[in-house]
Structures are given as structure tokens and as C-alpha cells.
1. Looking at region B:151-163, which of its residues are facing chain A (nearest Cβ under 7 Å) and either farther than 14 Å from residue A:81 by Cα or of a type in the set (S, T, N, Q) (or both)?
2. Does residue B:80 satisfy the criteria of being assigned to a helix (DSSP H, G or I) and over 18 Å from residue B:245 (Cβ atoms)?
3. Out of (1) more than 14 Å from chain A (Cβ to nearest Cβ); (2) touching a residue at least 60 places away in the same chain (Cβ under 8 Å); (3) aliphatic (A, V, I, L, M); (4) outside any loop (DSSP other than H, G, I, E, B), the odd one out for residue B:132 is which?
4. With A:33, A:12, A:25 as the choices, which residue is more than 21 Å from residue B:138 (Cβ to Cβ) and touching a Gly at 6+ places or on another chain (Cβ under 7 Å)?
5. List the pairs whose first member sits in region B:171-191 and is at the interface with chain A (Cβ under 7 Å from one of its Cβ atoms), whose second member is crowded, with 24+ Cβ neighbours inside 10 Å and not acidic (Asp, Glu), and whose Cβ atoms are under 6 Å apart, counting only residues at least 6 apart or on separate chains?
6. Yes or no: region B:425-435 includes at least one residue that is part of a loop (DSSP other than H, G, I, E, B) and modelled with pLDDT under 90.
7. Are any of the residues in region A:45-63 in contact with a helix residue (DSSP H, G or I) (Cβ under 7 Å, 6 or more places away or on another chain) and away from chain B (no Cβ under 11 Å)?
8. Between B:367, B:356, which is among the charged types (D, E, K, R) and in contact with a Phe, Trp or Tyr (Cβ under 6 Å, 6 or more places away or on another chain)?
Amino acid sequence: MSLEFLVASAVGLMTAAGIYLTLRGRTFSVVLGIAMLSYAINAFLFSVGRLIVNAPPIYAKGVTEYADPLPQALVLTAIVISFGMTALVVVLALRTYLETGTDHVNGTPDAGETPSDSEGDV
Amino acid sequence: MTHLIIAPILVPAIIGALTLLRTARHTLLGRGLSLGSTIVQVAAALALFAEASTGTIRTYALGGWAAPFGVVIVLDRLSAMMLLLTGLLALGVLVHAVLTGLDRRGWHFHPLFQFQLLGLNGAFLTGDLFNLFVFFEVLLIASYGLMLHGQGGARLQAGMQYVIVNLVGSTLFLIAAGILYGVTGTLNMADLALRIGAAPPGDQPLIRVGAQLLIAVFALKAALLPLHLWLPRTYANTSAPVAALFAILTKVGVYSILRLTTLAFGENAGAVAWAPAGWMLPAALLSLLAGFLGVLAARRLRLLAAFGVIGSTGTLLSAIALFEPDATAAALYYLPHSTLSGALLFLVADTIGRARKREDDRLEPDRPFAGMGQLSLLFLLSAIALAGLPPFSGFIGKLLILTAAEGSAAAPWIWAAILIGTFLALFGLAWAGTMLFWKTTAEEELASSSWRKAATIPAWGVFFLLAALTVFAGPATRYAEATAQQLFAPEAYVAAVLGPEGSGR
């Protein structure tokens, strides 16, 4: 199996899992889904500069093939932003749960579950 | 003067950080800094506007790294217009927030407000695709904070949905930027335009995918049907002045669609040419109708204003989706009107809600309240502006759009949608006014009311901006036409960014 196939299938699987989890009804799985999506994006952005091994990034004497340094800078930016956003969404989800008593994304608890007795779930 | 172009990005960044300091929190110092910074931004935007209106395109290479390797910021007519609009709207909203004491209901109103302006100004100025993503994130992060400012259960729940939707949107933005970079090897928008035009046929399907994804992300920000579902709940549940500022957030999406489509996905782009044109017009017409139907159905004034924002952005995009200079000029005249009229209704809704107290802004009969006369006049004026009736700029804008659409094949659809939409808006707003001001439950006036006369000053200010847009419709339409011509001749933009030799490649 080639390196390209492995990276591509990893990106695809993580994206699929991320989309599935993001579409769930409870904030916890949504947060996990968003984290999963951002992993997929980081791997994808990294591979955008083509998968090259043993090539210098900027300049070396007598070398014609270079690795692209820019995607790594992009990935770093994306990691910082997605890390911050995940932290924010975790705090926001927790705060929403504590304030409204339900961890449903649309704010309506399941049938048979009252907002006050869902405290033991987390 | 050469460094003035960076002022709209630097000033809010520095002042925003200063207002974080402990001594500036909840004191007059913080308010003064924030107000001063916004006034400086308006002044800088005015100077830049004067410069851009001569038709020059000015670029500024950050750190002295020349394009296409470094990040450039670019000022043309469209950017200057958006900067000025942002500054004026922000000033009105900030004065309203200070007068009503909203900025004291949480710790970090002023820093968040300044960082919001930083993100907006940066997004309008940048000439680099990834930098656009970064500024989108800055403005979104600040908007999360502002949206949640003041807190409360309903606001947190709406905020949760708003954050999740926008995080998924940012993810798509990154995928699109990654695809475009992977295929063309550049992130500079001007360079991107050249390379997309010269791309081999084998690469074009991928570029097409990247372009459509990118435009879809911008459509999400612009709340285009069916990506509009996040907007009503968010705007109706945040505090009204913040919602008024958010009226410009949908316009960031519109701006990005216009900028990238005319520049990179325009007629020189081969198979990618006018990629979004196929689906954008039906989507825009449907969101126009959905928005104004929502105006008719809303039972709270702020929800009504939120649907009004969807409707008027839909009107705007239905003109832009034709992607030809006349219609774009009409849209560019309608854009400031759409922003200001949406914001005005939110400000008026806030003042009415404060004056009524018991029923807040729910559209149900209540006792008469203090300041009813002035507020009903303000509501009447803002309703006329939002519905787009004469004599205000909305009418002129819609007339321009209808005239520009005359020659297109979709003209009957556009005419029908805009006229039906206007009728629905008129009906909904008239009903809301009746509930608020005519149907009163008792004779005696509501005794204790937090209404203050000064609180209507910002709303009047925004209204006078609309009036100025109407009175000076001649110069404004000439500016809009020149902007549209500049947009549809992207060669000048490319030459300004890459230099005469770079653009010849």
C-alpha cells in the first residue's frame, strides 16, 4: 500500500467519523466530532504540499526536488485555531448544560428525561 | 500616508488589548478608549475612501515581503466602501451600547468589540486567501464572545448552535483553501487568478470543487438558503445592539463571494468561470422569500428584524448572482442600505423593548409607555427603510436592481420575488406596528420605565446615514458603478498586487 493511500484513507475515515459525530444530538459527541474533523483537516492540509520524503524544504546545493514548507505553516495556524475553538466549545457546552440542565443541542430533553434528573449523566 | 492603509487593522488590535487591562474594565477609561478607537477608524476609513475613490488600487506588503510570497493587503473601491460602512455602523452600535449600559453587563465587551472590528477590517483588506481565513476566525471568535455577552440560558443555547455551525464552516473553508493551494501552489488571490486561468484541463475539476466549497462557506456566512437556519435564533437571542453589529457579518460573506468570484473565478478562469452562478440565483430568491415570510410570521420584534436581515441579504445576492456589471453596481448601492436598515431595526427594537418592560419586544398588546410618540416615528421610518418603500434608499436600491435585471433571462423570477417579498415585509411590519403602538390594553401609562430620551440618539444617527444615502444617491450610484467596473476588470487588481512584470506571466 502506498503512503498516499494510507494518508488519503485516514483523512477520509476521520472526516466521515467527524461528520457522523457532529450530526448527533448531544453536545459531547458534537464536540468530539468537531475535534475529529479538525484532525482530518490538519492531515489533509499537511499532505497538500505532496507527500515527499528526504527532501530539503528551502535550499540545498545540488538538489532539484524540494518539500513544500508552506503547508506546515498553514497546519500550525490551523492547529492553534482549532485547539482554541475546541477549548471554547467545551466550556460553552459545559456552561450550557449547567445553566439549562440539558446537553441536547436543540435544548429539548428526551421524552421521560426531565431537565433536573439528568445531573448524574456527566 | 503610505502606512495609513494598515491603521484599520492596527488601531483596534492595540486598543482592544489595552481595554483588556484591569484599570480599563468597567471604567470611563475603557469606554473612552473604545469610542476613541472607533472614531479613529471612521476617520481612517474616510481618508482611505477618499483615496480609493480616485480609482487607484493601493497595496501594502506586510513585513516588506513582496507578493506573491508575502501577505499583502489591498485597498480598492470595494474594500474602502466596506471599511467606511463598518466604521460608521460600529460607531452607532457602540454609542448605543454605552448609553444603554450593555457594556457593563459582562467583563469584556470593549475588547471583544474592538477585536470584532479588527477581524472585519482585516477581512475587507486582505489580498491573501489564508489570511482571509485567519481574519474570518478573528471576527468569528470575537462574535462568539459578543453573542454570549450578558448570558442567560436561551442565549447560551443559541450560542452553542452558532459556534458549532461556524466551526464546521471554518473546517470547510480550510478544505477549500487546501484544495486550491494544492492545485495552484499559491494563496495570493491575484496570483490565484492568474494560475487558475492557466491551469491544465486535468486540474480543472479539482479547482472547480475548491471554488464551489469556498463559495458555499461564504454563502453560509451570508445566510443564503438553505444555510440560513442558524441566523434567526442567534440574532434574536443575542442582545439587540450586538445583533445590529452582526448585520455586517452577513455582508462579509457577500463581500467575499463578490471579491473571489470576480477576481479568481471570473471569465478568464476557463472551466471554473462563474462557477457559483448556476445555483446562487435560485438560492438567493428563495432566501429573499423565506426571509420576508419570516418577517410576516415572527412574533417578536428582534426575530422579525433577524428575518429581515435574511430577506435583504437575499435581495442583495439575487442581484450579485447575475454576475454582470450593471446588476453588481445596483447591489453595491443596496449593500449599505441593507446593512444599515437591518441594524436600525435592531436598535429600535432594543429601545422599544426597554420602554415596554413587561412584554419586552413580544408583539402583543400592552399598556402605553413613555416616549411612545418618538418611538413609533422611529419604528415607522425603520420599517419603511427595511421594506424598501419610497422615499428612502431601499426603494432606489430595489429599483436599480429591478432595472438591471430587466435584460436577463431570469428577470420574471427576480421581479416576482422582489415585489412579493416587499409586499410580505410591508404586511409583517405593519402588523408589528399595530400590535406595538395601536392596540393598547389600558388607558394609564406604564409607570416605571427605564426609557431615557438619550437612548434614541444612535438610532437617529443610523437613520440619518440612510437619509444621506438617499439624498446623495447620485454620487453613491456613480461610486457603485465605478466599483463594479473595477471589479469586472480584475487585470488592474492583479497588476497592482504583482507588479506589471508579474502579471504578464
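The values are calculated or read from the model by the stated rules, or taken from the named source; none is laboratory data. What you see is a predicted model; the values in this text were computed from it and never measured. All Cβ positions, even for glycine, are placed from backbone atoms using ideal geometry, and neighbour counts span all protein chains on display.
1. Filtering region B:151-163 for residues facing chain A (nearest Cβ under 7 Å) gives B:153, B:156-157, B:159-161, B:163.
If the condition is that a residue be facing chain A (nearest Cβ under 7 Å) and either farther than 14 Å from residue A:81 by Cα or of a type in the set (S, T, N, Q) (or both), then B:153, B:156, B:157, B:159, B:160, B:161 are the ones that fit.
2. Numbers: assigned to a helix (DSSP H, G or I): yes; over 18 Å from residue B:245 (Cβ atoms): yes.
Spelling it out, residue B:80 is indeed assigned to a helix (DSSP H, G or I) and over 18 Å from residue B:245 (Cβ atoms).
3. Residue B:132 satisfies every listed condition except (1).
4. Details: A:12 fails: touching a Gly at 6+ places or on another chain (Cβ under 7 Å); A:25 fails: touching a Gly at 6+ places or on another chain (Cβ under 7 Å).
Unique residue meeting the criteria: A:33.
5. Pairs found: B:171/A:37; B:171/A:41; B:174/A:41; B:174/A:78; B:178/A:44; B:178/A:45.
6. Of the residues in region B:425-435, the ones part of a loop (DSSP other than H, G, I, E, B) are none.
No.
7. Yes, region A:45-63 has at least one match.
8. Working: B:367 fails: in contact with a Phe, Trp or Tyr (Cβ under 6 Å, 6 or more places away or on another chain).
That would be B:356, the only listed residue that is among the charged types (D, E, K, R) and in contact with a Phe, Trp or Tyr (Cβ under 6 Å, 6 or more places away or on another chain).
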